[in-house]
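**Student:** Following this message is one structure expressed as C-alpha cells.
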Amino acid sequence: MAHFRPCRLAGLCLLLTLFLGAHPAGSANTALAYLDATSYAAGETLVVRASSSIPFLSVRINRLGGSTDSMATFTDLPAESHPVPDSAWIKGCDWPVLLSTPVPDSWKSGLYEVRVMNPGGTLLTRATFLVRGLNTGAELLVISAVNTWQAYNAFGGKSLYDYNSFGGRAPRVTFNRPYDSNGGLGQLTKYELPFARWIDQSGLRADYATDVDLATRPSILDGHRALVVVGHDEYWSAGMYAAARAFADTAGNVAVLGANTCMWAVRYEENARTLVCYKSYSDPMKPDYPESTTVQWRDPLLLLPECGFFGGLTPSCESTVSLPVRFNRLYSWITDGLEAEVGHSFGENVLGYEFDVYLPGFSPVHALPLFQTPVGGPCPQTHSGTYYELQPGFGLPGSGGGIFNAGTIQWSWGLSSTSEGAPDPRIQLFTRNLLSGMTHRLAAPADAAVLFHAVLLDSAAGPGGPVQARISSAEDTTSAVFIDMLDDGIWPDTLAGDRVYTGRLAVRSGDRFPRVVDYEIGGLQTCFAGGHYLWLEEATRLDSLYSRQMDTLFSCGEVVAAGAAPKARLRLVVGPNPGVGLQRVRWSGAHAVSELALFSADGRRLRLLRPAPGNSFVDWDGSLQDGSRASSGIYWARAKGPSGTSAVRLVRLR
C-alpha cells in the first residue's frame, strides 16, 4: 500500500537508480553483489555473483540474530568490473560467480548476510540469503517476505512502484540483481531482523524460509506447528495462499506479526526468479485465465479478501502513523500476565506505518479484537489486532488452528532495540505467550449439542429487526433465548421455493463471544453451554439472517452432554482446501452418502457427484456440469444421506 521508501525523496531515488543503470557496477572502487537463490538448505551450493573494480575481494558470511556470528571467510577471490545491463530490473545482471560453496550442516537456519570486502577488510557491499531448516524439530517456521523486498527494489531503474521507477513501474522484476537499499540488504533489517534478535534469545525454536519456499516447497511446513509471518509480506502467490490455508485447516497455527499481508496476488516465472504483478487487468493472463490475474486478492475477479483468512486488511484510505497499540481485551493463554493492561496503550511506534482494520461482513465473525487503536488523520480508522480459531468455539467447523494478526507492520519494533523503536516487556510477553501456545496443537472444544430442525416463522420483520424461529423436536417444552446466526458454514439450495441453509447457532450472553450460560428447559438437563455451538441441520430462509440476533423459541431435542459428540452427525472434510487441482470431500465411513452437490457462493447448483459404492469420499477436479472449469473462488459442497445432510466450504485456486 503506502510506500516504504529507502530514499525518502522520490527525485533522489530516481537519480540513484538512473546512475546505477548507466555506470559500471564496480566504479569508484566499489562492488555490488547478489545470490542465485533466496534460500539454501544444508548441502546445497551457495552462489554469490558480483561486479567490482577491485581485482581481488574477500567475503565473510554472518548469521544475523541474537548475535552476529561469523560462519565462514573467503579471501583472494578474483573479481571483474561489469556494467549494469539495460533493463536489469527484468533481465537481471548475469554477473560472473564470485563465490561458490556448499552450505555445511553446521549453519543454523536463519537470516544471513554476505559481506563483500576489499583485501584490507573494508566493507564494500552486502547481500542476503536464508538457510532453511530441515528436520530440526523446531515448532515455528518463520517466513521472510522476499517478494515484498523485491517489489520495492528499484535496482537498475524500476520496481513494482511508480515512485522509484523511471518511466513508470514494471509489471515484472527479477531476483537476479542486488538490492538498492540498506547497503544491499533491502528490507531485511527493517522488520525481520528485530524479530530474529528477539526469538534467538526467547528459548523458542524457529526455522526460516522465504515466500518462494512456501510457494514452491509447501512441504517446508511439515513438522512445524506454527507459521510466523513478520513485518511486511504484501505480495502472495496462489501457491503461498494454498499452502498456508491448508496448513491452518489441518490444525496448523498462523501468527502474522505484521500487516498489509497478502494484499497483491503475484505469480512466478523463470524458475521462480521473476516476480510478476501487473496490478491491473492489463495482465495478459486475464482473458484466458482470469483467476491468475495479478491484481489485489480482494478484487472481485479473485474474490479472496485477505481479511477472510488473516482477520484484517489494510484499508484503501489510511493514515501513515507510528503510535503505541491499545490493548483491548483478555483472552485465555495469549494474554496471561496482562490483566492490568486492558484499556492501556503500550509499545513505542509499534503501530504503523501501515495497519489493518477489521472489516465486518468479510473478516471472521467471531474474531476477537485483542487490540483496537483509534487512528486520526485524513482517514480516521480503528486499527484492529485479532485472534480466532478454525474451531467450533469460534463459529467455524472443523478442528483447525488459531490465527493471530497483529495488524501492524512495526510489531517487531516492540521486541528488540531498533533505531526507530524500543523493546516493550508487554509486547514481548504477549508475543511469547502467543508463540509458545502455538507450538502445540490447539484442543478442539467439546460440543454441547442439541439435535434439532429449525424453521423461521416470521418473515415480516424489517431489516435489522428480530426474526422469530422455532426449533422443534419430539419434546414439547419451549423456552425463549437469544442466539446468533453465524454466516460461516452456510450453504444454499432450493426446497419448495424457499432458500435452505445450514449453519450454527450460539448462545448469546451479552458479549460477542459467548461465555458460560445455562438454561433449564422444562426440567430437562441443560441444553446450552456458553462457548459451545449447536448445529442447525435445516432451516427455511424467509428473511436475512446474516449475523443477526434472533428472538428464538425452541424445543430442546435430544440433549448431548458437553464433552460428548452429537450422535449420528454427518460431517464433511475437504483436502486440500484451498485446492488447485483435485479436491477430495470425505466423510466418516459410518455414514452413507447418496449424492454430493456443488454450489456457487450465490446458491446456483453447479454439479452433482455420486460416490462409488463403498467409498466414503468424492473427488472434484474443478469441472462443472456443463463441461467448463470452475474459476478461483468460494464454493459449497452439500452431501445427502440417510443420516441427514451436511455442507462444507471449498476454496479453489487456479
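The values are calculated or read from the model by the stated rules, or taken from the named source; none is laboratory data. Not measured: the values here are computed from a predicted model. Counting neighbours? That spans all protein chains shown, and the Cβs are built from the backbone with ideal geometry, glycine included. Heavy atoms of the whole protein, side chains included, go into the accessibility calculation; ligands, DNA and RNA do not. Shrake-Rupley method; radii C 1.70, N 1.55, O 1.52, S 1.80 Å.
**Student:** Looking only at residues that are in a strand (DSSP E or B) and of a type in the set (Phe, Trp, Tyr) in region 347-363, which one is farthest from Ser316 (Cα to Cα)?
**Tutor:** By that ranking, first place goes to Tyr353.
**Student:** On to the next question. From Tyr161, Tyr152, grab the single residue that is closer than 22 Å to Ala33 by Cβ, of a type in the set (Ser, Thr, Tyr) and either open to solvent by less than 50 Å² (accessible area, probe 1.4 Å) or at pLDDT 95 or above (or both).
**Tutor:** Of the residues listed, the single one that is closer than 22 Å to Ala33 by Cβ, of a type in the set (Ser, Thr, Tyr) and either open to solvent by less than 50 Å² (accessible area, probe 1.4 Å) or at pLDDT 95 or above (or both) is Tyr152.
**Student:** Mind listing whichever residues of region 132-155 are in contact with a strand residue (DSSP E or B) (Cβ under 9 Å, 6 or more places away or on another chain) and polar (S, T, N, Q)?
**Tutor:** Scanning region 132-155 gives Thr136, Ser144, Asn147, Thr148, Gln150, Asn153.
**Student:** Continuing with the same structure: When you scan region 123-228 for strands (runs of 3 or more DSSP E) that lie fully inside it, which ones turn up with 2 or more residues that are of a type in the set (A, V, I, L, M) and more than 23 Å from the chain's Cα centre (by Cα)?
**Tutor:** Filter on region 123-228 gives 123-131.
A quick yes/no check of all residues on (1) on the phi > 0 side of the Ramachandran plot; (2) among the charged types (D, E, K, R):
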residue	(1), (2)
Ser316	no, no
Ser322	no, no
Glu339	no, yes
Asn349	yes, no
Val375	no, no
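**Student:** Tally the residues that are modelled with pLDDT of 95 or more and either of a type outside the set (A, V, I, L, M, F, W, C) or outside any strand (DSSP E or B) (or both), restricting the search to region 21-40.
**Tutor:** Result for region 21-40: 6.
**Student:** Same structure, new question: For region 342-371, which positions are open to solvent by 30 Å² or more (accessible area, probe 1.4 Å) and either touching a Lys or Arg at 6+ places or on another chain (Cβ under 6 Å) or among the aliphatic types (A, V, I, L, M) (or both)?
**Tutor:** Matches in region 342-371: Val342, Ser345, Leu359.
**Student:** Tally the residues that are within 16 Å of Phe404 (Cβ to Cβ), part of a helix (DSSP H, G or I) and not aromatic (Phe, Trp, Tyr), restricting the search to region 233-260.
**Tutor:** Total meeting the criteria: 3.
**Student:** Considering only region 625-654, state which residues are assigned to a loop (DSSP other than H, G, I, E, B) and open to solvent by 30 Å² or more (accessible area, probe 1.4 Å).
**Tutor:** Within region 625-654, Gln625, Asp626, Gly627, Ser628, Ser631, Pro642, Ser643, Arg654 meet the criteria.
**Student:** Would you mention how many residues in region 583-611 are modelled with pLDDT of 85 or more and open to solvent by less than 50 Å² (accessible area, probe 1.4 Å)?
**Tutor:** Total meeting the criteria: 11.
**Student:** Something else now. With (1) among the hydroxyl-bearing types (Ser, Thr, Tyr); (2) open to solvent by less than 10 Å² (accessible area, probe 1.4 Å); (3) over 18 Å from Val173 (Cα atoms) as the list, and Thr294 as the residue in question, which single condition is left unmet?
**Tutor:** Result: Thr294 passes all but (3).
Rundown of residues vs (1) in contact (Cβ under 8 Å) with a residue 60 or more places away in the chain; (2) in a loop (DSSP other than H, G, I, E, B); (3) touching a strand residue (DSSP E or B) at 6+ places or on another chain (Cβ under 7 Å), yes/no style:
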{"site": "Cys262", "(1), (2), (3)": "no, yes, yes"}
{"site": "Arg267", "(1), (2), (3)": "no, no, yes"}
{"site": "Ala272", "(1), (2), (3)": "yes, yes, no"}
{"site": "Leu275", "(1), (2), (3)": "yes, no, yes"}
{"site": "Ser280", "(1), (2), (3)": "no, yes, no"}
{"site": "Asp283", "(1), (2), (3)": "yes, yes, no"}
{"site": "Lys286", "(1), (2), (3)": "no, yes, no"}
{"site": "Glu291", "(1), (2), (3)": "yes, no, no"}
{"site": "Leu303", "(1), (2), (3)": "yes, yes, yes"}
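**Student:** Another question, if that's okay. Is there any pair linking a residue in region 129-152 that is touching a residue at least 12 places away in the same chain (Cβ under 8 Å) to one that is among the polar types (S, T, N, Q) and surrounded by fewer than 22 Cβ atoms within 10 Å (Cβ to Cβ), with Cβ under 8 Å and at least six apart or on different chains, and which?
**Tutor:** As it stands, the answer is Glu139/Thr439; Leu140/Thr439, since those pairs meet every condition given.
**Student:** Only residues that are open to solvent by less than 20 Å² (accessible area, probe 1.4 Å) and modelled with pLDDT of 95 or more: list them for region 115-137, please.
**Tutor:** Val116, Met117, Thr125, Ala127, Thr128, Phe129, Leu130, Val131, Arg132
**Student:** So which residues in region 199-216 are in contact (Cβ under 8 Å) with a residue 24 or more places away in the chain and open to solvent by 20 Å² or more (accessible area, probe 1.4 Å), if there are any at all?
**Tutor:** Scanning region 199-216 gives Asp200, Gln201, Leu204, Arg205, Ala215, Thr216.
Residue-by-condition table, conditions (1) open to solvent by 40 Å² or more (accessible area, probe 1.4 Å); (2) free of Cβ contacts under 8 Å to residues at least 24 places away in the same chain:
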residue: Leu32; (1), (2): no, no
residue: Val47; (1), (2): no, no
residue: Ile54; (1), (2): no, no
residue: Arg60; (1), (2): yes, no
residue: Thr68; (1), (2): yes, yes
residue: Thr73; (1), (2): yes, yes
residue: Ala79; (1), (2): no, no
residue: Ala88; (1), (2): no, no
residue: Trp95; (1), (2): no, no
